[in-house]
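Got a structure here, written out as structure tokens. Questions coming.
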Amino acid sequence: GIQVEQSPPDLILQEGANSTLRCNFSDSVNNLQWFHQNPWGQLINLFYIPSGTKQNGRLSATTVATERYSLLYISSSQTTDSGVYFCAVSGTYKYIFGTGTRLKVLA
Amino acid sequence: DVKVTQSSRYLVKRTGEKVFLECVQDMDHENMFWYRQDPGLGLRLIYFSYDVKMKEKGDIPEGYSVSREKKERFSLILESASTNQTSMYLCASSLVGSTQHFGDGTRLSIL
């Protein structure tokens, strides 16, 4: 089955810093999503991005499907960005999640 | 906005009990999913359904069953709960080939 690897596993930033999170996947996919899991366990959908680039405020994402990776950019980080960021991919119905990047933003 | 509602935020049950976790979505989505999340293992798919009365096993279906009698509702059943089923359970729904939307999760403890 498809393998999904996320890096780095852990990241600590000072408020205001920028960061890049990476998601590599082992096979071609039709669907790719980025999620943020907040400290209360809620999974928030950030981007549905099987290819191309999207931006939403301080966050943007790029997926290069032919090279099997996706990047999530966080600019001017805030303490509320803390949590775990997951990448999930699928060929058809079944999504495979990476193990996440745990981000802590310090005030 | 899509709303996916899970019946309980926290639940405590005893080993051997039959446990029902309910999930309801309000956006007429074809697909519904049940995951469990454990530290260090990420989210793992238990079962999914792509239509009423249709279901497919995910990666870890053992010890679980599901029911989808109506399009908006997808139930996860632990036939005889065991302590290794203590976990966070997350339900999601989506249109075909589109964004998954998650409920708030149920933290289930089996004593």
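Read-outs throughout are calculated quantities, based only on the coordinates presented, and are distinct from any laboratory measurement. Predicted model only: the values in this text are computed from it and were never measured. Here the Cβ positions follow ideal geometry from the backbone for every residue, glycine too, while neighbour counts run over all protein chains shown.
Got the relative contact order for chain A handy, in percent, Cα pairs under 8 Å and 6 or more residues apart? Don't skip to the answer; put the middle values down first.
Working: 274 pairs, mean separation 40.1, N = 107.
Relative contact order comes out at 37 percent.
Could you tell me the calculated FRET efficiency between residue B:52 and residue B:104, based on Cβ-Cβ distance and R0 = 22 angstrom, to the nearest 0.05? Don't skip to the end; give the middle numbers.
On the way: r = 24 Å, r/R0 = 1.10.
E(calc), rounded to 0.05, equals 0.35.
Can I ask one more? When N counts the residues of region B:4-44, how does its alpha-carbon radius of gyration compare numerically with 2.2 N^0.38 Å, as a ratio?
Working: Rg = 12.9 Å, N = 41, 2.2 N^0.38 = 9.0 Å.
Taking the Cα Rg and dividing by 2.2 N^0.38 Å, one obtains 1.43.
I'd like the isolated cysteines in the protein assembly as shown, meaning no second cysteine's beta-carbon lies under 4.7 angstrom from theirs.
Flagged as lacking a Cys partner: nothing.
Under a straight-distance cross-link criterion of Cα-Cα below 26 Å, which lysines are reachable from residue A:104, leaving out those fewer than 8 residues away in the same chain?
Once the sequence-local lysines are set aside, what remains near residue A:104 is A:54.
What is the distance in Å between the Cα centroid of region A:75-107 and that of region B:10-39?
22 Å
Let me ask another. If R0 is 45 Å, what FRET efficiency do you get for residue A:80 and residue B:67 from their C-beta distance, rounded to 0.05? Working shown, then result.
Numbers: r = 38 Å, r/R0 = 0.84.
About 0.75, to the nearest 0.05.
So, in chain B, how many Lys pairs have Cα atoms under 13 Å apart, if the pair is 8 or more places apart or on different chains?
Details: B:53/B:70; B:53/B:71; B:55/B:70; B:55/B:71.
Count of close lysine pairs: 4.
Could you give the size of the charge dipole of the protein assembly as shown about its Cα centre, using +1 on the Cβ of each K and R and -1 on the Cβ of each D and E, expressed in debye and rounded to the nearest 20?
Details: 22 positive and 21 negative charges, 54 e Å.
Dipole magnitude for the protein assembly as shown comes out near 260 debye.
Please give, to one decimal in nm, the separation of the simple spin-label points placed at residue A:73 and residue B:15, each 7 Å out from Cα toward the Cβ.
5.3 nm
Same structure, new question: Express the C-alpha Rg of chain B as a ratio against the empirical globular expectation 2.2 N^0.38 Å, rounded to two decimals.
On the way: Rg = 13.0 Å, N = 111, 2.2 N^0.38 = 13.2 Å.
Rounded to two decimals, the normalised Rg is 0.99.
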